[in-house]
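Below: one structure, written as structure tokens.
Each reported figure results from applying straightforward, stated rules to the coordinates on display, with no laboratory input. Note that the structure is a prediction, hence the values are computed from the model and not measured. All Cβ positions, even for glycine, are placed from backbone atoms using ideal geometry, and neighbour counts span all protein chains on display.
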Amino acid sequence: MSKHPKALALISGGLDSLLASKVVQDQGVHVEGINFFTGFCVEGHTHAIRKQDRARPKRNNALWVADQLGIKLHIVDVVDEYKQVVFNPKYGYGAHLNPCLDCKIFMVRKAREWIEQRGFDFVITGEVVGQRPKSQRKHAMPLVQRDAGIDDRLLRPLSARNLPETLPERMGWVDRDKLHGFSGRSRKPQMALAALYGFEDYAQPAGGCCFLTDGNYTVKLTDLWKSRGGRRYELDDIMLLKVGRHIRPAPNFKLIVAREEGEVNFLSGYRRLFPSLKMVSHSGPLALLDGEPTAADIELAARIVGRYSQGRAAPLVELEYATTGGEKSRLRVAPMCADDMPKGWLL
Amino acid sequence: MTTHHRTIDCLRLLCPMPVIRVQEHVETMAAGDTLTAVCSDPGVLHDIPAWSRINGHQVVATETRDGEYLVTVRVGPGEV
């Protein structure tokens, strides 16, 4: 081998990218990892917010994988650039708003740009032919290489023997015979390889790595776009969709009602960005108001918040309404009966 | 050798955003400089030390006060 090749691995935090990196690392290639933060990544946010979940240890799986491999990890904020992937996916959405194939192309293209700027030789992914219904079908794999502009500088070590030879194989940087030929949806080959390497505490797939594959989440995202008259969002918007009950009584406003103390604390951090309602007369949640509520809407919102408070059976409850500028006023309202709130309001 | 210290506000940011902010600042700092991230997500107590360890930096102090988590990183020597 005439040079010490360098590879960049896309690290999601799951088992496949861990194994793919290890397979190449074991062949003497210098490997570093990259992880892209889109804002939709399922990375313990609910866990970080909700107090009841904090007893369980939390970790960032991408960092854990890099730590296991002893490699550097570069975490890249792509929140703004990623919006075009969400808004206009060339290859469409999956079951919900998940643009999986376009997402893969985006990430491989970003990785390609990264290696070209830093003199690395090729990119590694943990893709397995036929494992995912949209982005990992066999005919989709050449599309990723073509559209990302990476061609044969993309190596998929877990499935390489099912795919055409790549640059690192031709150059002798990696030995094709030491790569794998996994295919299909079974996880058994990966689990066996993990056992061989002694990896035990790896992340278990549970509903995917992205909130855009979550039906409940995408209902709220679609509602957000509809209410704003177009497909747009900021990071705060998509974070807030992960928190609390979202209730839309009318097109011009919605409430985000905290469900427990951790969410109250988290939503409190947004009181300079959204008007808020807080229970005064009884224990109860904090709620943010998103949109342009009228005075009558604020009263209706107060009745809804009262319905989730300890005063739900009282004839009247008192709340404090605060504007984003910090001006405060009091409201006394009758809590809404549970049966009076149309089910369609709860997103 | 003169070293410098920075403090950055990561309040309200959820992981990995505080890690990304630390990373962005560290890239512009010199070996031996220190950076304190003031955070509200307790996940930083795991994530910033893990990021520092694998990237050759060192966490020299962590502090929890009034629901805020302060993590101080000393910038490592750079490319090995």
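Need one word for the stretch A:243-345: rounded, prolate or oblate. Basis is the Cα gyration tensor (sqrt eigenvalues a ≥ b ≥ c); a/c below 1.5 gives rounded, then a/b vs b/c decides. Note, shape of the stretch A:243-345 comes out rounded. Look at the alpha carbon pairs under 8 Å that are at least 6 residues apart: their mean separation over the length of chain B gives a relative contact order of 33 percent.
Quick one: which of B:18-29, B:3-14, A:155-166, B:56-67 comes out on top by average Cβ neighbours within 10 Å, and what's the full order, highest first? Show your work: numbers first, answer last.
Working: B:18-29: 19.1, B:3-14: 15.5, A:155-166: 21.9, B:56-67: 12.2.
Top of the packing list down: A:155-166, B:18-29, B:3-14, B:56-67.
Going by how many other Cβ atoms sit within 10 Å of their own, how do A:E327, A:E318, A:E263 line up, fewest first? Don't jump to the answer; show the numbers that get you there.
Details: A:E327 9, A:E318 16, A:E263 23.
With the sparsest Cβ surroundings first, the list reads A:E327, A:E318, A:E263.
Between helix A:100-118 and chain A there is an angle of about 60 degrees, using the helix long axis and the longest principal axis of the Cα atoms.
Placing a label point 7 Å from the Cα of B:T62 along the Cα-to-Cβ line, the residues of the stretch A:60-90 whose backbone N sits under 19 Å from it are A:60-68, A:73.
Let's see if you can work this out: charge +1 on each Lys and Arg Cβ, -1 on each Asp and Glu Cβ, no other charges. What is the dipole magnitude of the stretch B:5-74 about its Cα centre, in debye to the nearest 20? Please report the intermediate quantities before stating the final value.
Values: 6 positive and 9 negative charges, 25 e Å.
Rounded to the nearest 20 debye, it is 120 debye.
Could you state, as a whole-number percent, how many of the C-alpha pairs of chain B are farther apart than 20 Å? Write out the running numbers ahead of the final one.
Values: 703 of 3160 pairs.
Cα-Cα pairs in chain B separated by more than 20 Å: 22 percent.
In chain A, a dipole from Cβ-located charges (positive for Lys and Arg, negative for Asp and Glu) runs towards its positive end, and of A:S227, A:A66, A:S183 it is A:S183 whose Cα lies farthest in that direction. Residues A:V42, A:V23, A:V280, arranged from fewest to most other Cβ atoms within 10 angstrom of their Cβ, appear as A:V280, A:V42, A:V23. Quick one: grab the alpha carbon gyration tensor of chain A, order the square roots of its eigenvalues as a ≥ b ≥ c, and give me rounded if a/c is under 1.5, else prolate or oblate depending on whether a/b is larger than b/c. Prolate, because a/c is 1.5 or more and a/b exceeds b/c. Ranked for footprinting exposure by Cβ neighbours inside 10 Å, fewest first, A:L235, A:L10 give A:L235, A:L10. List the lysines whose alpha-carbon lies under 25 Å from that of A:K83, not counting same-chain residues fewer than 8 positions away? Hits, sequence-local ones excluded: A:K104, A:K110, A:K134, A:K220, A:K226, A:K242, A:K254. Shielding by partners for peptide B:54-66, expressed as the average number of C-beta atoms from other protein chains within 10 Å of each residue's C-beta, is 2.
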